Amino acid sequence: MSEPQGSEGTTQRLPVIERAAEPDQRGQSASAAAYGPPPVPEGGTGGTQRRFWSARRIPAAVVALLLLLTAGVFLYDIAAVRAHRPPMHWRRELAHQLATRPLDDTWVLVGAGVAALLGLWLIVLAVTPGLRAVLPMHRAHPDVRAGLHRDAAAMVLRDRAMEVAGVQSARVRMRRRKADVRAVSHFRELDDVRADLDLTLAEAIRGLGLSRPPALAVHVARAARKKG
């Protein structure tokens with residue numbers, strides 16, 4: 001009785017069909033930490049992006065409420081006068097003071113100064129964008145704008161700083177133009193730790209994809225020894 005073929009006790013490896021590696025759509029490393037800013041599409045969407053404009057909801061609501069109350073009080077007083085009732089005492093006193101006080105009076109100057117400051121404040125709010133805590137990012141699409149909060153950017157830089165060997169603690173203060181990093185090292189030479197922090201944090205800032213990357217300032221100090 002003949003034995004079936006392939007029963008000699010040896011195992012034959014089955015052919016394995018490997019899928020061809022798909023090209024990376026981003027053309028970058030597979031590490032999320034190594035991703036740089038997204039490619040800027042053609043059409044002029046690159047370069048420095050402007051800051052986001054604030055809606056100024058609170059100042060607008062306060063001004064609208066004050067105007068509404070003032071207009072309502074004056075309208076009520078005028079309607080009362082039209083109904084043959086005496087005007088309010090405060091309006092008569094205000095008219096008398098405005099008619100009798102000279103322009104160089106202290107209270108007149110104080111009132112004019114307060115009104116000028118309020119007007120200047122409203123003008124500044126109208127011509128400045130606001131939202132200083134949101135950092136504009138590069139545009140990956142012409143119709144989409146993205147921004148990164150400064151606290152989130154500071155958290156990313158702090159996490160990357162803690163990955164450097166020798167760093168015990170790190171504190172990051174993120175501004176619009178500058179990232180101030182202060183780290184405490186408990187081993188290794190301070191110059192070596194600072195050099196690694198410079199490289200790591202510079203790469204992290206590029207990975208944030210900001211339109212205007214902030215300047216980097218790194219300060220490293222030795223951890224204080226406990227007295228005992």
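Values for this structure:
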| quantity | calculated |
| --- | --- |
| Of the criteria (1) at negative phi; (2) touching a residue at least 24 places away in the same chain (Cβ under 8 Å), which one Gly166 fails | (1) |
| Hey, Gln49 at pLDDT below 85, in contact with a helix residue (DSSP H, G or I) (Cβ under 9 Å, 6 or more places away or on another chain) and either closer than 30 Å to Leu135 by Cβ or surrounded by 10 or more Cβ atoms within 10 Å (Cβ to Cβ) (or both) or not | no |
| Which listed residue, of Leu125, Leu120, is open to solvent by 60 Å² or more (accessible area, probe 1.4 Å), of a type outside the set (Ser, Thr, Tyr) and more than 17 Å from the chain's Cα centre (by Cα) | Leu120 |
| Residue in segment 110-129 that is touching a residue at least 24 places away in the same chain (Cβ under 8 Å) and either closer than 30 Å to Ala217 by Cα or part of a loop (DSSP other than H, G, I, E, B) (or both) present | yes |
| Arg176 vs. criteria part of a helix (DSSP H, G or I), open to solvent by less than 90 Å² (accessible area, probe 1.4 Å) and among the basic types (Lys, Arg) | no |
| Qualifying positions in segment 96-110 - open to solvent by less than 80 Å² (accessible area, probe 1.4 Å) and either within 25 Å of Arg56 (Cβ to Cβ) or modelled with pLDDT of 90 or more (or both) | Val110 |
| Which listed residue is touching a residue at least 40 places away in the same chain (Cβ under 8 Å), under 18 Å from the mean Cα position of the chain (by Cα) and farther than 25 Å from Arg225 by Cβ, from Arg160, Arg139, Arg175, Arg150 | Arg139 |
| Residue list for segment 179-192, restricted to those being out of contact with any Gly (no Cβ under 8 Å at 6 or more places or on another chain) and either within 11 Å of Val218 (Cβ to Cβ) or not in a strand (DSSP E or B) (or both) | Ala179, Asp180, Val181, Arg182, Ala183, Glu189, Leu190, Asp191 |
| Residue within segment 183-200 that is basic (Lys, Arg) and in contact with a Pro (Cβ under 6 Å, 6 or more places away or on another chain) present | no |
| Count - residues of segment 134-148 that are touching a strand residue (DSSP E or B) at 6+ places or on another chain (Cβ under 6 Å) and open to solvent by 80 Å² or more (accessible area, probe 1.4 Å) | 0 |
| Odd one out for Ile205, checked against (1) β-branched (Val, Ile, Thr); (2) surrounded by fewer than 18 Cβ atoms within 10 Å (Cβ to Cβ); (3) in a helix (DSSP H, G or I) | (2) |
| Segment 81-95, residues that are assigned to a helix (DSSP H, G or I) and either of a type in the set (Lys, Arg) or surrounded by 10 or more Cβ atoms within 10 Å (Cβ to Cβ) (or both) | Val81, Arg82, Trp90, Arg91, Arg92, Glu93, Leu94, Ala95 |
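The values are calculated or read from the model by the stated rules, or taken from the named source; none is laboratory data. It should be emphasised that the depicted structure is a prediction, and the values quoted were computed from it without experimental measurement. Positions of Cβ are backbone-derived with ideal geometry, glycine not excepted, and every protein chain shown enters the neighbour counts. Ligands, DNA and RNA are stripped out before the accessible areas are found, and what is left, the full protein with its side chains, is counted by its heavy atoms. Shrake-Rupley method; radii C 1.70, N 1.55, O 1.52, S 1.80 Å.
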